[in-house]
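Bear in mind these aren't lab numbers, they're just calculated from the coordinates by the rules spelled out. Treat the numbers as computed from the prediction; the structure is a model and nothing was measured. Reconstructed Cβ throughout: ideal geometry from the backbone, glycine too, with neighbour counts over all protein chains shown.
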Amino acid sequence: MAKNDTKGKKSKASSSQSAVTALDGHIPPQAVELERAVLGAILLQPGVMGEVAMILKPESFYMRSHETIFRVIWELEANQKPIDMLTVTEELRRTDQLEEVGGAAYIANLTTSVGATANVLYHAHIVAGKATSRNLISFASEVLTKAYEDSIESEVQMQEAEAALFELSKQNIQQDIRRADSLLEETISEIRG
């Protein structure tokens, strides 16, 4: 997936820009309010991050600011540090990304986007589905662009397209395997009760 990446020097305006740009006037598939709800639910109930991390990765988010916030939460989780509004805000400040994502007020407002933390996994699946759709659009766009290039043989184009599609499919299969593992763990926990 091609990104409009200008890491390091970003203005506050760029925090609202998406990681994927519109194609032929169409807005790429996205669910910004659900992204906000997922982030807010994690801030309110950090224990869900492990399950959400099995569904989403930072690149799954349409909004670059949401991707940045999720990446910070992901890293806090990986380093076994507490996840809450204050630690996320402080980590964003420490890494000079706080203003880029909208400031401390934006982080605080994420929690107001949450209807119910119980729905976070459902919302995460929707966000993941939108990311998959964007990845498919990116894939199709790349295949189309290469198809117009006379310098590449059609057999090579087919092989490259098949390999790229296989890689995209593999990502979804891995996601399904992680979901099955999570379900198995839940079932065992319930049985042990």
*Would you be able to tell me the number of residues in segment 97-118 that are touching a Gly at 6+ places or on another chain (Cβ under 6 Å) and either closer than 14 Å to Ile73 by Cβ or of a type in the set (A, V, I, L, M, F, W, C) (or both)?*
3
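Please verify whether segment 70-93 includes one or more residues that are touching a residue at least 40 places away in the same chain (Cβ under 8 Å) and farther than 23 Å from Met49 by Cβ. I'd like the intermediate steps shown before the answer.
Taking segment 70-93 as the starting set, the residues that turn out to be touching a residue at least 40 places away in the same chain (Cβ under 8 Å) are 83-85, 88.
Within this subset, residues satisfying the condition of being farther than 23 Å from Met49 by Cβ are none.
Checking segment 70-93: not a single residue is touching a residue at least 40 places away in the same chain (Cβ under 8 Å) and farther than 23 Å from Met49 by Cβ.
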*Take segment 94-129 and flag every residue that is touching a Lys or Arg at 6+ places or on another chain (Cβ under 6 Å) and either without any contact (Cβ under 8 Å) to a residue 12 or more places away in the chain or aliphatic (A, V, I, L, M) (or both).*
Leu110
